[in-house]
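Inspection log for the structure reproduced underneath, given as structure tokens.
The values are calculated or read from the model by the stated rules, or taken from the named source; none is laboratory data. What you see is a predicted model; the values in this text were computed from it and never measured. Cβ atoms come from the backbone with ideal geometry, glycine included; neighbour counts cover every protein chain shown.
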């Protein structure tokens, strides 16, 4: 009887250690993706060519939970952050507030974020750089919180929200980047996931929280515009020769 209890205790400790190791080997990956828009060409989810001032880039924020046991027991409870346009580069634009999507909508703690200039370049980013509880970040929280939204496969990805970025200024061949910055909170950990069947909480600056990207945007003239410019240059050259 004593031997059986000892074996059961060893087995339980082994399972607990396995869960801790699995969680330690996993992580949370945020990915801000470009998915289309107006007067834009999406080369891939992180590379976009815009053709004119006023172009609108449609964006989606995704989160992937990477457990270690390859079982569909990973889920997302809450998380979010800011989207910041580079202060360098001549291509400029304004972020919109976000839109929460199912199953991360109408939950306590959801926030669409506030458009505000976070880097003093005169154009609107989204979110905050504050670590206070009331900071206006974009936040996605599971409808069933504290019950997570579970994936149906190992290392599931969840779309958390949608946004738009509107180009406000930029000469031809100008560039900029859009970067997602996970929220860092002073008093608690705002990123919560289920990983390998256990609850794991992160702060935005934890090593296990990473970001794919950024999104690179370039002002590239349309082929028709390039053709007109070429014809104009040819016309000027012919006039000079005749003169």
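Where strands (runs of 3 or more DSSP E) fall entirely within the range 194-243, those with at least 2 residues that are over 29 Å from residue 175 (Cα atoms) and either touching a helix residue (DSSP H, G or I) at 6+ places or on another chain (Cβ under 9 Å) or at pLDDT below 60 (or both) are at 198-202. Residues in the range 136-151 that are over 15 Å from residue 28 (Cβ atoms) and modelled with pLDDT of 95 or more: 136, 137, 138. What do you reckon, is residue 122 crowded, with 21+ Cβ neighbours inside 10 Å and within 30 Å of residue 54 (Cβ to Cβ)? Against the criterion (crowded, with 21+ Cβ neighbours inside 10 Å and within 30 Å of residue 54 (Cβ to Cβ)), residue 122 does not qualify. Within the range 55-78, the set of residues being crowded, with 18+ Cβ neighbours inside 10 Å and at positive phi is empty. Please state which one of 142, 120, 130 is more than 17 Å from residue 166 (Cα to Cα) and without any contact (Cβ under 8 Å) to a residue 24 or more places away in the chain. Checking each option against the conditions leaves just 130.
In this structure, is residue 135 under 14 Å from residue 80 (Cβ atoms) and part of a loop (DSSP other than H, G, I, E, B)? Judged against the criteria, residue 135 is a match. Residues that are assigned to a strand (DSSP E or B) and more than 23 Å from residue 46 (Cα to Cα): does the range 86-105 have at least one? No, the range 86-105 contains no residue that is assigned to a strand (DSSP E or B) and more than 23 Å from residue 46 (Cα to Cα). Summed over the range 44-54, residues that are surrounded by fewer than 18 Cβ atoms within 10 Å (Cβ to Cβ) and under 16 Å from residue 221 (Cα atoms) total 5.
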